[in-house]
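Chemist: Below: one structure in structure tokens.
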Amino acid sequence: MRAHLTAQGLDAVICLGSDDSLSGSIRWLCDFGAPAYMKVALFFGETPMTVIEHGAISGIREVSPADANTPGVGRVRAVSAFKSVRQTLEYEARAVVEEFSARGIENVGLVRPGSMPSAFIDRLKQDLPQVSWSDETAAFDSMMAIKSPVELDSLREACRVQDQAFERLLGQVRPGVREVELMASVERELRLRGALDGTLGCGSAPAGQPTGMRSWRAQNRELQKGDTFTVLIELSNAGGYYAELARQVVLGRASHEQRRAFEVVREAQAETAASLYAGASCSALAGAHDAFMEARGYERETRLLGHGQGYDMVEAPLLRADETMALRADMFVSVHPSVVTPSMFVFLCDNYVVQPAGPAVRLHDTPQELFEV
């Protein structure tokens with residue numbers, strides 16, 4: 001990171017987050033994520049970071065970069081700001097202005113400025129007219145996307161606990177159980193293993209109807225004989241790393257239509273995984289998947305075939321036509337092809353590690369089956 005700042009002539013980089021599942025840049029720099037309150041990390045070229053977070057009004061603490069609670073951080077500034085309260089929307093920016101003015105900062109890179117509040121950006125540019133600004137998102141995303149051996153070990157563990165949670169869930173799927181009971185069981189299993197944040201999606205429907213995915217508050221349907229139950233487990237592990245696993249369970253016998261669609265989806269994931277190697281084009285992979293599905297009589301992907309994961313639940317690269325980042329070895333990628341028709345929803349999701357050459361390696365061990373109970 002510091003080598004990048006030197007090469008670009010930058011004095012500092014700003015990262016901001018307010019949602020742990022999609023603010024991985026904060027955790028990547030500080031080891032601790034961003035809660036609902038906003039958190040700002042100021043990364044300097046030669047000195048420890050300054051972090052601005054929610055707390056007592058105008059509180060400032062000098063801390064040790066060697067402390068396990070503040071790794072790499074030399075100063076913590078607190079502001080009592082709330083996204084829902086108008087007069088506090090510039091408090092974090094004012095703290096940044098004070099830090100930069102005291103240090104004589106002139107060249108600053110922004111990471112993911114499109115997700116920063118306009119009140120934050122506007123105040124910085126108004127109060128720091130001498131500063132030159134640049135967008136360092138592409139470089140930062142590339143650094144985050146390639147996982148170290150330690151990160152890959154944590155991601156393997158994330159996949160392993162998801163496999164175990166699904167195995168436990170499978171023994172609880174039966175007629176008369178509500179979706180929320182099953183999801184509460186999965187969440188409890190993962191929380192006890194240190195899960196921090198993320199998404200648990202599910203849906204169920206009678207034969208001949210698509211299950212879809214219900215939000216938390218709508219997961220209250222009671223399962224019946226003949227239903228199909230879909231589950232997506234996308235909580236992080238204790239280290240804050242995200243993986244995702246999706247499987248489907250039929251309470252009875254799957255129809256011929258479901259079985260055929262599932263075989264196509266399983267084959268589609270395998271075809272994509274075989275092409276997930278260093279140097280591959282993500283947009284080309286997405287195009288090949290669309291051609292594969294259309295050749296078998298199903299619609300092309302309309303949302304997202306897959307994506308990188310790590311400290312962000314969704315991070316670059318995307319397996320989609322608008323992605324410009326090429327795959328590189330040691331990227332951690334989810335692949336989740338699906339079939340959606342008026343009569344069914346078929347879905348499969350697993351995580352893979354990109355290899356220097358040859359097919360990617362799947363990290364989930366859960367059998368790739370359309371389960372029947």
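The values are calculated or read from the model by the stated rules, or taken from the named source; none is laboratory data. Keep in mind that what you see is a predicted model, and the values were worked out from it rather than measured. Methodologically, a virtual Cβ is constructed for each residue, glycine included, from the backbone with ideal geometry; neighbour enumeration extends over all protein chains shown.
Chemist: If the requirement is being without any contact (Cβ under 8 Å) to a residue 60 or more places away in the chain and surrounded by 15 or more Cβ atoms within 10 Å (Cβ to Cβ), which of these qualifies: I121, I146?
Modeler: On the way: I146 fails: without any contact (Cβ under 8 Å) to a residue 60 or more places away in the chain.
After applying the criteria, what remains is I121.
Chemist: Output the residues belonging to the range 149-174 that are of a type in the set (D, E, K, R) and touching a residue at least 24 places away in the same chain (Cβ under 8 Å).
Modeler: First, the residues of the range 149-174 that are of a type in the set (D, E, K, R): 151, 153, 156-157, 160, 163, 167-168, 174.
Answer for the range 149-174, where residues must be of a type in the set (D, E, K, R) and touching a residue at least 24 places away in the same chain (Cβ under 8 Å): E151, R156, E157, R160, D163, E167, R174.
Chemist: Got a number for residues in the range 174-211 being assigned to a loop (DSSP other than H, G, I, E, B) and under 25 Å from M313 (Cβ atoms)? Break it down stepwise before answering.
Modeler: Residues of the range 174-211 that are assigned to a loop (DSSP other than H, G, I, E, B), as a first pass: 174-177, 192-197, 206-211.
If we keep only those that are under 25 Å from M313 (Cβ atoms) too, we end up with 192-197, 210-211.
Of the residues in that region, 8 qualify.
Chemist: I'd like the full set of residues that are in contact with a helix residue (DSSP H, G or I) (Cβ under 9 Å, 6 or more places away or on another chain), of a type outside the set (S, T, N, Q), part of a loop (DSSP other than H, G, I, E, B) and closer than 25 Å to S148 by Cβ, limited to the range 25-48. Show your work before the answer.
Modeler: Let us first name the residues in the range 25-48 that are in contact with a helix residue (DSSP H, G or I) (Cβ under 9 Å, 6 or more places away or on another chain), namely 25-28, 32-36, 38-47.
In the following step, the residues that additionally are of a type outside the set (S, T, N, Q) were identified as 26-28, 32-36, 38-46.
Checking which are part of a loop (DSSP other than H, G, I, E, B) leaves us with 32-36, 38, 45-46.
Of everything in the range 25-48, those that are in contact with a helix residue (DSSP H, G or I) (Cβ under 9 Å, 6 or more places away or on another chain), of a type outside the set (S, T, N, Q), part of a loop (DSSP other than H, G, I, E, B) and closer than 25 Å to S148 by Cβ turn out to be F32, G33, A34, G45, E46.
Chemist: Let me ask something else about it. When you look at R259, is it of a type in the set (K, R), modelled with pLDDT of 95 or more and surrounded by fewer than 20 Cβ atoms within 10 Å (Cβ to Cβ), yes or no? Don't jump to the end; show me each part of the working.
Modeler: Details: of a type in the set (K, R): yes; modelled with pLDDT of 95 or more: yes; surrounded by fewer than 20 Cβ atoms within 10 Å (Cβ to Cβ): yes.
Answer is yes for this residue.
Chemist: Search the range 240-262 for residues being in a loop (DSSP other than H, G, I, E, B), more than 19 Å from the chain's Cα centre (by Cα) and of a type in the set (A, V, I, L, M, F, W, C), and hand back the single one that is nearest to V186 (Cα to Cα). If you could, list the steps in order and put the result at the bottom.
Modeler: Within the range 240-262, the subset in a loop (DSSP other than H, G, I, E, B) is 240-241, 243-244, 251-255.
Right, trim to more than 19 Å from the chain's Cα centre (by Cα) and you get 251-255.
Keeping just the survivors that are of a type in the set (A, V, I, L, M, F, W, C) gives 251, 254.
Details: L251: 19, A254: 24 Å.
Looking at residues that are in a loop (DSSP other than H, G, I, E, B), more than 19 Å from the chain's Cα centre (by Cα) and of a type in the set (A, V, I, L, M, F, W, C), I get L251.
Chemist: I've got another one for you. For T366, are the conditions met, namely being among the β-branched types (V, I, T), within 27 Å of G171 (Cβ to Cβ) and either outside any loop (DSSP other than H, G, I, E, B) or more than 19 Å from the chain's Cα centre (by Cα) (or both)? Full working, then the answer.
Modeler: Values: among the β-branched types (V, I, T): yes; within 27 Å of G171 (Cβ to Cβ): yes; either outside any loop (DSSP other than H, G, I, E, B) or more than 19 Å from the chain's Cα centre (by Cα) (or both): yes.
When the stated conditions are applied, T366 passes them.
Chemist: Restricting the range 79-108 to residues that are within 30 Å of the chain's Cα centre (by Cα) and among the hydroxyl-bearing types (S, T, Y), which is farthest from V13 (Cα to Cα)? Please lay out each step first, then the result.
Modeler: So the first thing to find is which residues in the range 79-108 are within 30 Å of the chain's Cα centre (by Cα), and the list is 79-86, 88-96, 107-108.
Still in the running and among the hydroxyl-bearing types (S, T, Y): 80, 84, 88, 91.
Numbers: S80: 23, S84: 26, T88: 23, Y91: 18 Å.
Only one residue tops the list, namely S84.
Chemist: Residues S283, S338: which one is closer than 20 Å to G212 by Cβ and either small (G, A, S) or touching a strand residue (DSSP E or B) at 6+ places or on another chain (Cβ under 6 Å) (or both)?
Modeler: None of the other options fit; the residue is S338.
Chemist: A follow-up question, please. Being β-branched (V, I, T) and out of contact with any helix residue (DSSP H, G or I) (no Cβ under 8 Å at 6 or more places or on another chain) is the filter here, so list the residues in the range 259-290 that pass it. Break it down stepwise before answering.
Modeler: Filtering the range 259-290 for residues β-branched (V, I, T) gives 264-265, 272.
Within the range 259-290, V265 is the sole residue that qualifies.
Chemist: Before we move on, is R168 of a type in the set (K, R), within 23 Å of A238 (Cβ to Cβ) and within 18 Å of the chain's Cα centre (by Cα)?
Modeler: Working: of a type in the set (K, R): yes; within 23 Å of A238 (Cβ to Cβ): yes; within 18 Å of the chain's Cα centre (by Cα): no.
Considered against the rule, which asks whether it is of a type in the set (K, R), within 23 Å of A238 (Cβ to Cβ) and within 18 Å of the chain's Cα centre (by Cα), R168 comes out as no.
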